[in-house]
Every structure is written in structure tokens, then in C-alpha cells.
Amino acid sequence: MNRIVEKEFFSENVVKLVVEAPLIAKARKPGNFVILRVSEKGERIPLTIAAADEQKGTITLIAQKVGVSTEKLAKMEVGDKLIDLVGPLGKATEIHKVGTILACGGGVGVAPLLPIVEGFKKAGNRVISVLAARSKDLIILEDEIRKWSDEVIIMTDDGSYGRKGLVTQGAEEIIQREKIDECIAIGPAIMMKFTALLTKKYEIPTQASLNSMMVDGTGMCGACRVTVGGKTKFTCVDGPEFDAHQIDFDEMLMRLGGYRKEEQVAFEQYCKIN
Amino acid sequence: MTTLTEYLKEKRGEEWREDLRKKLKGKERTDIPRVHMPEQEPLERVKYQNMEVNLGLTEEQALVEASRCMDCVNPTCIDGCPVQINIPEFIKNIERKEFALAAQSLKLTSALPAVCGRVCPQEKQCEELCFYTTKLKKDPVAIGYLERFAADWERESGKMSVPECAPSNGIKIAAIGSGPASLSFAGDMAKLGYDVTVFEALHEIGGVLKYGIPEFRLPNSIVDVELDNLRSMGVKFVNNFIVGRTASFDDLKAEGFEGFFVASGAGLPRFMNIPGENYNGVMSSNEYLTRVNLMGAASDEYDTLVMRGKNVAVIGGGNTAMDSVRTAKRLGAERAMIVYRRSRIEMPARVEEVKHAEEEGVEFMNLANPVEYFADETGRVNKMRLQYMELGEPDESGRRRPVAIEGSEKDIDVDLVVVAVGVSPNPLIPSCLPDLKVSRWGTIEVGDNMQSSIPVLFAGGDIVRGGATVILAMGDGRNAAKSMHEYLSEEKK
Ligand SMILES: Cc1cc2nc3c(=O)[nH]c(=O)nc-3n(C[C@H](O)[C@H](O)[C@H](O)COP(=O)(O)OP(=O)(O)OC[C@H]3O[C@@H](n4cnc5c(N)ncnc54)[C@H](O)[C@@H]3O)c2cc1C
Ligand SMILES: Cc1cc2nc3c(=O)[nH]c(=O)nc-3n(C[C@H](O)[C@H](O)[C@H](O)COP(=O)(O)OP(=O)(O)OC[C@H]3O[C@@H](n4cnc5c(N)ncnc54)[C@H](O)[C@@H]3O)c2cc1C
Ligand code: SF4
Ligand code: SF4
Ligand code: FES
């Protein structure tokens, strides 16, 4: 179980893994995620299920190398097994026909966005996607997103691909051009924060999928707590998607940095040894 | 059918017990002082997360302690034990050096004696009702220590008896969760010939015994032996499997499962909802203990990290709070404090844990309650504001209610706060079974036979009781096994 059957690097730091997990492939819905451990002494890390193939019994994960665990994950090869994999976790995205959807994805956030875009398109919506990254080689899954979108706009910080600018610039043009019924934003917390501020200005209902710190993923520890509408919520069981206009992004950004010092030390140690 | 009283009387009447009673005069027995449990030195043990504090009685100590027990005509101690272990029977077997028989006697009613001997709140259960406590006003017989002695002896002798199992009846049963309730349920069902699979959401089997209670109180190896024992009885364990998510009840039914025992525990941590509680460095005891006990965060070899603090405050007065504060001490805290809103005597923790914590240098701030946390510019907690309390009128629990003293606030420097103010039932299973009756506290409602509103579904442990104890969870598991067997046998007729 949990054998890696396919591996592909999208860029130096972003890797796609297809993993055997028949039960999860069958039970998952767009918006769900898994928690995995790479090895016996590894930590539990959450990753979104980017795609699943029920027939083959596999799920697709897309991970960006940011620290020790994702680094180790990216080193695993086809045929290797993940020691632990549990899911599907989190609430599924509420997918329904609303009209026109604006889907904003930043960096590796495009991975969790993909099954949602697919879902909304299949439900009969018009889907406009805005993909953004620092530079050309960090734009991932463009073809897959195109397959399920009526229109795709690419934004890069440095202008090396698509148009130069931030995700919010691309999004605002669309909003001014036509009526958007709902928006979904997934990416770095800071990107979601500004997307939420933008859509709030235009009063467009917006969902954001949060990537908080997690331990168990089953509502047992509270590590993943965020403040939404003034109330504490657990991202792993109450989310990961919430009404973006109600999320306290500043608190979330602060909480994401909680282990930064320790993580850096661990990462430097890891790099020294390897 | 013989009643329990008749059975006890019959066992007590056996010749060897009569002979043993004659060996010493009552006065000689009651003059012996209660044994002291040998312990690791506090200064030494606080250096290690995994060093067990209690070392266990030596054989000599156990023999002397066992001889204190009067083998009472009316053994009131048994009334204090939730699973009614035949206490004088096992203790007298220790006295006559039949340690294997003592262990067997324990196993007739308790599935995990080595565990309960270590973690039962004995002073509020069996030992509270011992003749020594009630009539002589002396220290009770050390029932818990002796229980641990017999169970450890059996394990270390390598002669663990694998209980006999009835021939397989091929009926598939699912137990959900792998804490003490499920483990004892699985053992009893396997004995009856059922094909039992235990499903666990986490990557380790054992529930709170593994992820909550630290190794300095309950070594993992003790739990692992019990798990191996169950495996050898044919019980299957599946980790990383969340019933209701990885597969639904209907999926399991389609797989051929005919009976379900839900023992998913009380996994949901409570917070106090006070300002600043979401700052970095404020976390639930579940997170703190899971990182350290399940994920090995105390050791550099593991990837998981845990925040460490110089000044650590743990909020609460239960076992979880004691485990957290002692863990903080072991992770290098200079000041490790318990903040509890009632007084010392009301603390629900086991008396021994409070004593051990105190020996290890834990500070107790009783009659105090945090009302707000403050943080530095990075969002890391750096202060807590305490409000002091006094005890007022008793509340429904019979304990005197703490009342805030106006204007008594005081700020204290902290860089880590662990909130251990209780847990709520895990809502996952009830949320995916609309027909399941739950109370307004979210616990699953069951009858005396542990059967829920869905006939094939039984439940026990913390998901039924809210936060309770290992022994009660275990008793539920046994009770549920008995009832489910009766129910399924009836259905199959
Ligand atoms: C529900 C959910 C779904 C997710 N889906 C994906 C996914 O599909 N693909 C993917 O690449 N990542 C995803 N993440 C984020 C991923 O879990 C983290 O990047 C990973 O746990 C980091 O582990 P590490 O040991 O490699 O790095 P760490 O050593 O833990 O962290 C290294 C650095 O990354 C930062 N960091 C840590 N965690 C996060 C985080 N959650 N978000 C942003 N920065 C973080 C830290 O502040 C630190 O500076 C998801 C997170 C959640 C909660
Ligand atoms: C830190 C701490 C210290 C304690 N100290 C003591 C003590 O000294 N003495 C004492 O008597 N009691 C103590 N207790 C209480 C005692 O541990 C519990 O009462 C007991 O463990 C409850 O057992 P249980 O079988 O109901 O569930 P748990 O031990 O809670 O196990 C439940 C398991 O079910 C799993 N689960 C939940 N949902 C699902 C699902 N849908 N599918 C699959 N698996 C699932 C969980 O992951 C968990 O592992 C302590 C508790 C804690 C937290
Ligand atoms: S199981 Fe607990 S209550 Fe019962 S005899 Fe043993 S220590 Fe006492
Ligand atoms: S009440 Fe005390 S002395 Fe009497 S049988 Fe029980 S343990 Fe022994
Ligand atoms: S990750 Fe532990 S409660 Fe959400």
C-alpha cells in the first residue's frame, strides 16, 4: 500500500507524486486532503489530493519543497512506499451551479485548486482561472487547469510568462469586465489575504483554502486553529475552506510562523548531513 | 447462577486461603507499614522523557505487602474496583508466591492489568474502600502496586498465557479506535471466536495509552506486549484508517462486518476562549503530548518539532495537566507551573502524579485562572494575566465553586502555555451517522448493555462517558463484548 507509482518534477522545487491508495481514491472529494509520513521518524504533513483515479486506485499529490519533510518526500522514488497515509480529510468543497466562478491560484496552491475547478466546470459553471507565480517555471498544471476553464490568465511577478503582475491585478480586470458570482482563492496566505480584500470590495462571495500547521488532521490537537468570523475553528475538520471575508489572515500568518526558527535550524541541519 | 458474593465466598473458602489466613495474626498483619514504591531520583528522572518513574516492587516487598491484606470476609475493596477484580484472591496468590496464578486471576476481569496497575486512580477506587482505610484509618493495602507486580512478573517471566479462543465463527466485527475500550473489547470477542478488526485513525495503535500518557508513567513496551498478545489471538489492527472517512459504515457492512464497537474517545480539546489564546506558544495538551509522545519531538532523531519554553504554564489540575507539566520539565523548562482554579485537594489528578510533579520541582498556583495572554511582536506568548479565586458554595459536582476575587489580577512571564482544561467527545462518528442518538454533550447514548440506538452498533469508553478513566473504558469494552455476543447469537437463531 501507498507505493509511489509515478513521479515528475514540475520545477526544481515542485514535484508530482502518484501514490497507490485505493480507498482514499474512492472516497475523496474535491477539497479533501491527506496526511502522510515519509519515514519511521518523520512528521505528519498535510497535502491536498490534486487528483484521483478510482479505477487505478491512485491519488495525485503535488508538493513544494519548503522544509525537511517536503524535501524528503521529493527524494522518494517510484517504487518507494510512504510509511503512513491517511485520509481523505477535511470538508469537501461545496460545488454547485452558480454562474461564473473566478478561481485564483498562487504557486503550489494551483494543485488543490485543480479538482475544484474541475468540479465547478462539471457542475455547469463558467470558470475563469487566474494562475500566478513568481516566475515562469513556478507555474504548474497549466494544461490541466485549461482543460476545465473557459479562460485562463497567467500572471508572473517578473513578467517571464503571461502578464507581469500579481494575482489580484489579473482578478480585478476580470471582475471589472464581467459579473462574477463566486470566487475561490488558494495559495500562500498573503495572496489569499489580498484576494479576499479585493473581492470584498466588489462583494463577491469568496472561499479560501487554508494551509495551517497540522499534527493529527482529525480535530484532536487544535494546532490548526484559525479565527473565522471571530470564532476559533479547526482547519482540519471545520475547513480547510472558509469564507475568506471572515478569516483573520493576520493571525493565520502569525501562526504559520510559529515554528519558523525551529524549522530553519532543522532544515539547515538536514542539509548539512545530506 | 451463583452471585458474585457466593463466588467470592467459595474462593475464600478454599483450603490454601484458610491456611494462609492462619499463618499470621491479624495484629501482626496490621502492624506492617505500607510499602514504599521504589522510584527514580527526581533530579535524575527529569532528564529523560522515557524513564519510568516508578520502578516496581521487588519480590520481597511484594510478599510483605501482600501479607498486609486481611483477606476480609467482606472484601469492600472489590466494590471500589470498576471491573470487580477479585482483589484478595490475587493478593493471597502473591503471598503464597503463586505469581502466575495471581496474574491469571487478574486477567479474569481486567484485560490490561499492567496498565491499570500503573494508571488507575487507586486512591479513589479500590484502595479508598480497603478495610485499612475505612476501619483502621491506616494506609490501605497497595492494591495497585501489587497488581502491577503480578502483571509485570508474568510478562517478564516470558510465560504470558495466551487466552484460549473458541473456534472461529467467521463473524466479522469492527472495533473503531484502538484505546483501552477497544483493546479489551477485541480480546473478549476474539476469545468468543469472532473475527475482530480494530481500526485506528492515527499511525500508532493504543489510543491515549500511546499518544497521551507519557512513557515516564506508562512505557510503550507495556502496551506493545498487550497488542502482541491480541495479535496472537487473531485480532487484526489497521492503522491510518478513519471510519467515516476512509470508508463509511456502509462500506464496512458491504465488506461483511456485522457488528460495530465505537470507542473513538474524547479527542476534542477544549480551550477557554480568552483573549490571546491563539498566540504562538499557547497550545492544547493534546497537541503538546502528541508531538512528544506519538511523534518523538523530544528527540533530535525525529523530524517533528515542539516548542520549548523557559517559563511554562500548564492550565488545569487533571492527569493531562500533570503529564504536560512534567513533560515541560523534562524538555528543559526552568519554571514549570500548574495553574488551577480550585485548591490542591480538588485536583482530579492521581495523588501520586501530583506528588511526583512536586518532587520534580513543579510549582503549583492554585486558586488562579488565566484571563488573558500577551505576546511579543512576533506573536509568541510572553505573559499571562492570572486572576485569583476563592472557594464559594459547592456546585452540582459537590466541589466548592471558585469565585474570582475582584482586582486580584497579576501578570506572570511565560513563553509556553499548555491548556489542559478537558476534552469533548470526538464528533466524527456521530456526525456521519444521523440515526445515532447522542446526548447534548455529544456523547453516544447507550443502554446498560452498551448498545446504541443503532442495534448493531455498541459504544464505550470516553465517547460514551466524556473524559473518564482507562479502567472504566476497559470495563465498557468487556461489557459491550458480552452484550454484542448475546445480541448477535439471538439474531442468528
Ligand atoms: C490542508 C492543507 C493542504 C496542503 N496542501 C499542500 C499541497 O497540495 N502542496 C504543498 O506543497 N503543500 C501543501 N500544504 C502545505 C504543506 O503541508 C507544508 O508545506 C509542509 O507541511 C511543510 O513541511 P516541511 O517539513 O517540508 O517544512 P517545514 O520545515 O515544516 O516548513 C518550512 C517552511 O515553510 C513554512 N511552512 C510550513 N508549513 C507551511 C504551510 N502549511 N504553508 C505555508 N508555509 C508553510 C514554514 O513557515 C517554514 O518557513 C498543505 C497544507 C494544508 C494544511
Ligand atoms: C494525557 C492523559 C493522561 C491520562 N491519564 C490517565 C490516568 O492516569 N489514569 C486513567 O485511568 N485515565 C487517564 N486518562 C484517561 C484515559 O486515558 C481515557 O479515559 C481512556 O484512554 C479512554 O479510552 P477509550 O478507549 O475510550 O479511547 P482513547 O484512548 O481516547 O482512544 C480512542 C482512539 O480512537 C481513535 N479514533 C477516533 N475516531 C476514530 C475513527 N473515526 N476511526 C478510527 N479511529 C478513531 C483515536 O485516534 C484514538 O486513538 C488520561 C488521558 C489523557 C489524555
Ligand atoms: S483495576 Fe484499578 S480499581 Fe481495580 S483493583 Fe486494579 S487498581 Fe484497583
Ligand atoms: S479490603 Fe483491604 S484488607 Fe480487605 S481484602 Fe480488600 S485489600 Fe485486603
Ligand atoms: S490538525 Fe490537529 S486539530 Fe486540526
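The values are calculated or read from the model by the stated rules, or taken from the named source; none is laboratory data. Predicted, not measured: the structure shown is a model, and the values here were computed from it. We place every Cβ from the backbone using ideal geometry, glycine too, and count neighbours over all the protein chains shown.
Report, by residue number, each residue of the stretch B:258-275 that is more than 9 Å from every other protein chain (Cβ to nearest Cβ) and either in contact with a His (Cβ under 6 Å, 6 or more places away or on another chain) or buried (at least 20 other Cβ atoms within 10 Å of the Cβ) (or both).
Selection gives B:Gly259, B:Phe260, B:Phe261, B:Val262, B:Ala263, B:Ser264, B:Ala266.
Kindly provide the set of residues from the stretch B:276-288 that are in contact (Cβ under 8 Å) with a residue 12 or more places away in the chain, out of contact with any Leu (no Cβ under 6 Å at 6 or more places or on another chain) and either facing chain A (nearest Cβ under 9 Å) or over 29 Å from A:Asp250 (Cβ atoms) (or both), ordered by number.
Let us first name the residues in the stretch B:276-288 that are in contact (Cβ under 8 Å) with a residue 12 or more places away in the chain, namely B:276-277, B:279-288.
Filter once more, so that each one left must be out of contact with any Leu (no Cβ under 6 Å at 6 or more places or on another chain): B:276-277, B:279-280, B:282-288.
Once the filter is applied, which keeps residues that are in contact (Cβ under 8 Å) with a residue 12 or more places away in the chain, out of contact with any Leu (no Cβ under 6 Å at 6 or more places or on another chain) and either facing chain A (nearest Cβ under 9 Å) or over 29 Å from A:Asp250 (Cβ atoms) (or both), the stretch B:276-288 yields B:Glu277, B:Tyr279, B:Asn280, B:Met283, B:Ser284, B:Asn286, B:Glu287, B:Tyr288.
Any idea which residue in the stretch B:188-234 is nearest to B:Asn479 (Cα to Cα), counting only those that are aromatic (Phe, Trp, Tyr) and under 19 Å from the mean Cα position of the chain (by Cα)? Please lay out each step first, then the result.
Step one: list which residues in the stretch B:188-234 are aromatic (Phe, Trp, Tyr), which gives B:194, B:199, B:211, B:216.
With under 19 Å from the mean Cα position of the chain (by Cα) added as a condition, the list becomes B:211, B:216.
On the way: B:Tyr211: 25, B:Phe216: 30 Å.
Taking the candidates together, the pick is B:Tyr211.
When the residues of the stretch A:56-80 are narrowed to those that are within 14 Å of another protein chain (Cβ to nearest Cβ) and among the polar types (S, T, N, Q), which ends up surrounded by the most Cβ atoms within 10 Å (Cβ to Cβ)?
Step by step, filter the stretch A:56-80, then rank; the result is A:Ser69.
If I filter the stretch B:108-128 for residues that are under 23 Å from the mean Cα position of the chain (by Cα), away from ligand 5 (no atom under 16 Å from the Cβ), closer than 29 Å to B:Lys27 by Cα and of a type in the set (A, V, I, L, M), do I get at least one hit?
No, the stretch B:108-128 contains no residue that is under 23 Å from the mean Cα position of the chain (by Cα), away from ligand 5 (no atom under 16 Å from the Cβ), closer than 29 Å to B:Lys27 by Cα and of a type in the set (A, V, I, L, M).
Quick check on my filter: what residues within the stretch B:377-402 are at negative phi, within 14 Å of chain A (Cβ to nearest Cβ) and surrounded by 11 or more Cβ atoms within 10 Å (Cβ to Cβ)? Before you say what the answer is, go through the steps one by one.
Start the filter on the stretch B:377-402 by keeping residues that are at negative phi, which leaves B:377-378, B:380-397, B:399-402.
From what is left, the residues that are within 14 Å of chain A (Cβ to nearest Cβ) are B:377-378, B:380-382.
Matches in the stretch B:377-402: B:Thr378, B:Arg380, B:Val381, B:Asn382.
Sort out which residues of the stretch B:107-140 are within 16 Å of ligand 2 (Cβ to nearest atom) and touching a Phe, Trp or Tyr at 6+ places or on another chain (Cβ under 8 Å), and write them in order of number.
Correct list: B:Gly117 only.
Would you check which residues across the stretch A:224-254 are within 14 Å of ligand 5 (Cβ to nearest atom) and either of a type in the set (S, T, N, Q) or within 7 Å of chain B (Cβ to nearest Cβ) (or both) and list them?
Passing the criteria: A:Arg225, A:Thr232, A:Thr235.
Can you go through B:Met474, B:Met484 and tell me which one is closer than 25 Å to B:Ala247 by Cβ, in contact (Cβ under 8 Å) with a residue 12 or more places away in the chain and buried (at least 23 other Cβ atoms within 10 Å of the Cβ)? Break it down stepwise before answering.
Details: B:Met474 fails: closer than 25 Å to B:Ala247 by Cβ.
Going through B:Met474, B:Met484 in turn, the sole match is B:Met484.
Could you please tell me which pairs satisfy a Cβ distance under 7 Å, a separation of 6+ or placement on different chains, a first residue in the stretch A:104-130 that is more than 14 Å from A:Asn211 (Cβ to Cβ), and a second residue that is crowded, with 24+ Cβ neighbours inside 10 Å and among the hydroxyl-bearing types (Ser, Thr, Tyr)?
Final answer for the pair search is A:Cys104/A:Thr195; A:Val117/A:Ser129.
Could you list all residues from the stretch B:44-97 that are at pLDDT below 95, in a helix (DSSP H, G or I) and either within 16 Å of ligand 2 (Cβ to nearest atom) or within 16 Å of B:Glu18 (Cα to Cα) (or both)?
Scanning the stretch B:44-97 gives a single hit, B:Gly80.
Which ones in the stretch B:98-136 are part of a loop (DSSP other than H, G, I, E, B), more than 15 Å from ligand 4 (Cβ to nearest atom) and without any contact (Cβ under 8 Å) to a residue 60 or more places away in the chain?
Going through the stretch B:98-136, the residues part of a loop (DSSP other than H, G, I, E, B) turn out to be B:98, B:110-112, B:120-121, B:125, B:130.
Subsequent filtering for residues that are more than 15 Å from ligand 4 (Cβ to nearest atom) retains B:98, B:110-112, B:121.
Correct list: B:Glu98 only.
Taking B:Glu346 and the conditions (1) free of Cβ contacts under 8 Å to residues at least 60 places away in the same chain; (2) acidic (Asp, Glu); (3) exposed (fewer than 15 other Cβ atoms within 10 Å of the Cβ), which numbered condition does it fall short on, given that it satisfies the others?
All conditions are met except number (3).
Part of a loop (DSSP other than H, G, I, E, B) and touching a helix residue (DSSP H, G or I) at 6+ places or on another chain (Cβ under 6 Å), is that true of B:Val446? Before you say what the answer is, go through the steps one by one.
Numbers: part of a loop (DSSP other than H, G, I, E, B): yes; touching a helix residue (DSSP H, G or I) at 6+ places or on another chain (Cβ under 6 Å): yes.
When the stated conditions are applied, B:Val446 passes them.
List pairs: first in the stretch A:205-223 and at the interface with another protein chain (Cβ under 7 Å from one of its Cβ atoms), second assigned to a loop (DSSP other than H, G, I, E, B) and of a type in the set (S, T, N, Q), Cβ under 9 Å, 6+ apart or cross-chain?
A:Val215/B:Thr304; A:Thr218/B:Asn426; A:Gly219/B:Asn426; A:Met220/B:Asn426; A:Ala223/A:Ser212
Given the conditions (1) under 13 Å from the mean Cα position of the chain (by Cα); (2) outside any loop (DSSP other than H, G, I, E, B), report the number of the one that B:Phe185 does not fulfil.
Here B:Phe185 meets the rest and fails (1).
Would you confirm whether or not the stretch A:40-51 contains a residue that is surrounded by fewer than 20 Cβ atoms within 10 Å (Cβ to Cβ) and in contact (Cβ under 8 Å) with a residue 12 or more places away in the chain? It would help to see each step written out before you state the result.
So in the stretch A:40-51, the residues surrounded by fewer than 20 Cβ atoms within 10 Å (Cβ to Cβ) come out as A:40-41.
Then keep just the ones that are in contact (Cβ under 8 Å) with a residue 12 or more places away in the chain; that gives A:40.
For the stretch A:40-51, residues surrounded by fewer than 20 Cβ atoms within 10 Å (Cβ to Cβ) and in contact (Cβ under 8 Å) with a residue 12 or more places away in the chain: present.
Hey, does the stretch A:194-214 have a residue that's among the basic types (Lys, Arg), modelled with pLDDT of 90 or more, in contact with a His (Cβ under 7 Å, 6 or more places away or on another chain) and surrounded by fewer than 22 Cβ atoms within 10 Å (Cβ to Cβ)? Reasoning before the result, please.
Kept after step one, since they are among the basic types (Lys, Arg), are these residues of the stretch A:194-214: A:200-201.
Narrowing further to those that are modelled with pLDDT of 90 or more: A:200-201.
Adding the requirement that they be in contact with a His (Cβ under 7 Å, 6 or more places away or on another chain) leaves A:200.
Among the residues that remain, those that are also surrounded by fewer than 22 Cβ atoms within 10 Å (Cβ to Cβ) are: A:200.
Checked against the condition, which is being among the basic types (Lys, Arg), modelled with pLDDT of 90 or more, in contact with a His (Cβ under 7 Å, 6 or more places away or on another chain) and surrounded by fewer than 22 Cβ atoms within 10 Å (Cβ to Cβ), the stretch A:194-214 yields at least one hit.
Has the stretch B:36-43 got at least one residue that is over 30 Å from B:Tyr211 (Cα atoms), surrounded by 14 or more Cβ atoms within 10 Å (Cβ to Cβ), touching a residue at least 12 places away in the same chain (Cβ under 8 Å) and under 31 Å from the mean Cα position of the chain (by Cα)? Talk me through it step by step, then tell me what you get.
The first filter runs over the stretch B:36-43 and keeps only residues over 30 Å from B:Tyr211 (Cα atoms), leaving none.
No: the stretch B:36-43 contains no residue that is over 30 Å from B:Tyr211 (Cα atoms), surrounded by 14 or more Cβ atoms within 10 Å (Cβ to Cβ), touching a residue at least 12 places away in the same chain (Cβ under 8 Å) and under 31 Å from the mean Cα position of the chain (by Cα).
Have a look at B:Leu230, B:Leu183, B:Leu192 and point out the one that is more than 14 Å from chain A (Cβ to nearest Cβ) and within 16 Å of ligand 3 (Cβ to nearest atom).
Values: B:Leu230 fails: within 16 Å of ligand 3 (Cβ to nearest atom); B:Leu192 fails: within 16 Å of ligand 3 (Cβ to nearest atom).
Residue meeting the stated conditions: B:Leu183.
Determine which member of the set B:Ser178, B:Ser157, B:Ser168, B:Ser221 is within 14 Å of chain A (Cβ to nearest Cβ) and away from ligand 3 (no atom under 16 Å from the Cβ).
Working: B:Ser157 fails: within 14 Å of chain A (Cβ to nearest Cβ); B:Ser168 fails: within 14 Å of chain A (Cβ to nearest Cβ); B:Ser221 fails: within 14 Å of chain A (Cβ to nearest Cβ).
Every option except B:Ser178 fails the conditions.
Looking at this structure, is B:Val354 outside any loop (DSSP other than H, G, I, E, B), closer than 29 Å to B:Asn278 by Cβ, out of contact with any Cys (no Cβ under 6 Å at 6 or more places or on another chain) and not assigned by TED's automatic domain parsing to the domain that holds B:Leu43? Break it down into steps so the answer makes sense when it comes.
Numbers: outside any loop (DSSP other than H, G, I, E, B): yes; closer than 29 Å to B:Asn278 by Cβ: no; out of contact with any Cys (no Cβ under 6 Å at 6 or more places or on another chain): yes; not assigned by TED's automatic domain parsing to the domain that holds B:Leu43: yes.
Criteria not met by B:Val354.
Taking the options B:Glu346, B:Glu334, B:Glu301, B:Glu353, name whichever one is within 14 Å of chain A (Cβ to nearest Cβ) and either closer than 23 Å to B:Met272 by Cβ or not hydroxyl-bearing (Ser, Thr, Tyr) (or both).
Testing whether each residue is within 14 Å of chain A (Cβ to nearest Cβ) and either closer than 23 Å to B:Met272 by Cβ or not hydroxyl-bearing (Ser, Thr, Tyr) (or both) leaves just B:Glu301.
Being crowded, with 21+ Cβ neighbours inside 10 Å and part of a strand (DSSP E or B) is the filter; apply it to the stretch A:16-39 and report the residue that is nearest to the other protein chains (Cβ to nearest Cβ).
Among those residues, the one meeting the criterion is A:Arg37.
Scan the stretch A:169-204 for residues that are within 20 Å of the chain's Cα centre (by Cα) and in contact (Cβ under 8 Å) with a residue 40 or more places away in the chain and report the count.
17
Test of understanding: among B:Glu128, B:Glu89, which residue is acidic (Asp, Glu), out of contact with any Lys or Arg (no Cβ under 7 Å at 6 or more places or on another chain) and more than 9 Å from ligand 3 (Cβ to nearest atom)? Reasoning before the result, please.
Details: B:Glu89 fails: out of contact with any Lys or Arg (no Cβ under 7 Å at 6 or more places or on another chain).
Exactly one residue qualifies, and that residue is B:Glu128.
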